[in-house]
Amino acid sequence: MNKKYYIVSSSSDPKLIGSDFPQAYSFIKKYNPNAPHALFDLYEYLYTKFPDYIPDLSGIRMSGRAKLTDIVSNGFGGQLEIVSPRTKEILETYNLCPHRFYEMNLYLRKVKYDYYMFHIQCDYSDLVDYKKSTFAKYNYSTKGASVSINSKEEFLTRRKIMGEKSILNSVTADTLFMTSEFWDMNLDYFYIGIVDGEDYISERLMKHLLDSKITGWDFIPATNLIVE
């Protein structure tokens with residue numbers, strides 16, 4: 001398989017996004033994020049299922065020191081991205097993991113912009129080849145000793161034991177090998193799950209975004225994700 005992947009992260013260059021990061025983390029006065037079907041109700045659905053209603057996302061406000069980009073960094077959760085209509089249009093032409101786009105209003109210095117909340121929801125941790133992958137202990141961001149793990153059950157057990165010692169302790173994948181069942185899906189955007197917490201994008205989708213001058217995401221080669 002000849003496909004290349006990249007890790008997606010929110011841009012933090014102040015020349016691009018302004019002097020506040022994340023760019024969006026608050027609300028206009030008339031919007032109540034705790035109201036039924038508003039933003040915070042979505043948290044019940046971040047990882048397990050999609051809501052059976054249309055969320056009310058009509059009042060999200062950017063920092064006054066932020067600049068508008070196609071993809072706007074936010075403080076509302078890793079599975080929720082704020083994207084422009086043209087970003088949505090490009091994403092929809094590719095093979096994405098399970099997802100939804102919700103209409104939303106984004107405010108910057110009292111000007112309203114029509115954007116979308118891009119909600120991805122997937123867990124491919126059952127399709128990791130644990131015996132071939134490598135893992136290490138971490139204390140927050142400090143890497144410790146390597147750990148041999150042979151199954152998802154063993155991974156979860158070790159992670160639980162380490163977490164009981166300290167909330168800063170964890171076990172994370174250093175290199176990931178996936179099963180053929182996963183690669184057969186030929187995804188262009190996905191999140192693997194608890195084993196590493198990164199969002200991945202295919203090279204072809206990344207190039208389309210860059211060629212279209214879509215702003216707000218940075219990309220680094222996913223050298224940890226081994227494509228066979």
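Each reported figure results from applying straightforward, stated rules to the coordinates on display, with no laboratory input. Note that the coordinates shown come from a computational prediction; the quantities given were computed from them, not determined experimentally. Cβ: placed from backbone, ideal geometry, glycine included. Neighbour counts: every protein chain shown.
What residue among Glu89, Glu203, Glu164 has the largest mean-square fluctuation in a Gaussian network model of the chain, using Cα springs under 10 Å?
Its mean-square fluctuation being the largest, the pick is Glu164.
What residue among Ser166, Ser212, Ser19 has the largest mean-square fluctuation in a Gaussian network model of the chain, using Cα springs under 10 Å?
Largest GNM mean-square fluctuation: Ser166.
For Leu176, Leu96, which order do you get if you count the other beta carbons within 10 Å of each Cβ and list the fewest first?
The order, fewest Cβ neighbours first, is Leu96, Leu176.
Choose one answer from Thr157, Thr172, Thr142: the residue with the largest mean-square fluctuation in a GNM of the chain with alpha-carbon springs under 10 Å.
Between Thr157, Thr172, Thr142, it is Thr142 that shows the largest mean-square fluctuation.
Can you tell me the relative contact order of segment 71-131? Whole percent, Cα pairs under 8 Å, sequence separation 6 or more.
34 percent
Over the chain, what is the mean sequence separation of C-alpha contacts under 8 Å (at least six apart), divided by residue count, expressed as relative contact order in percent? Before the final figure, lay out the partial values.
Working: 444 pairs, mean separation 60.3, N = 228.
Rounded, it is 26 percent for the chain.
Could you compute the net charge surrounding Asp184? Neighbours are other residues with a C-beta less than 13 Å from the C-beta of Asp184; K and R count +1, D and E count -1.
-1
Which whole-number percentage describes the relative contact order of segment 129-177, with Cα contacts under 8 Å and a sequence gap of 6 or more?
Here the relative contact order equals 51 percent.
Restricting to the chain, compute how many DSSP beta bridges are antiparallel as a %, nearest 5.
Looking only at bridges with both residues in the chain, the antiparallel portion is about 85 percent.
Would you order Val227, Val83, Val72 from fewest to most other beta-carbon atoms within 10 Å of each residue's own beta-carbon?
Val227, Val83, Val72
At 222 nm, what helix-only mean residue ellipticity would the chain give, in deg cm²/dmol to the nearest 500, using -39500 (n - 2.57) for each DSSP H run of four or more?
Value at 222 nm, helices only, nearest 500: -4500 deg cm²/dmol.
What span do the alpha-carbon atoms of segment 38-88 cover on each of the three principal axes, reported in whole Å from largest to smallest?
Taking max minus min along each principal axis of the Cα atoms, segment 38-88 gives 33, 22, 19 Å.
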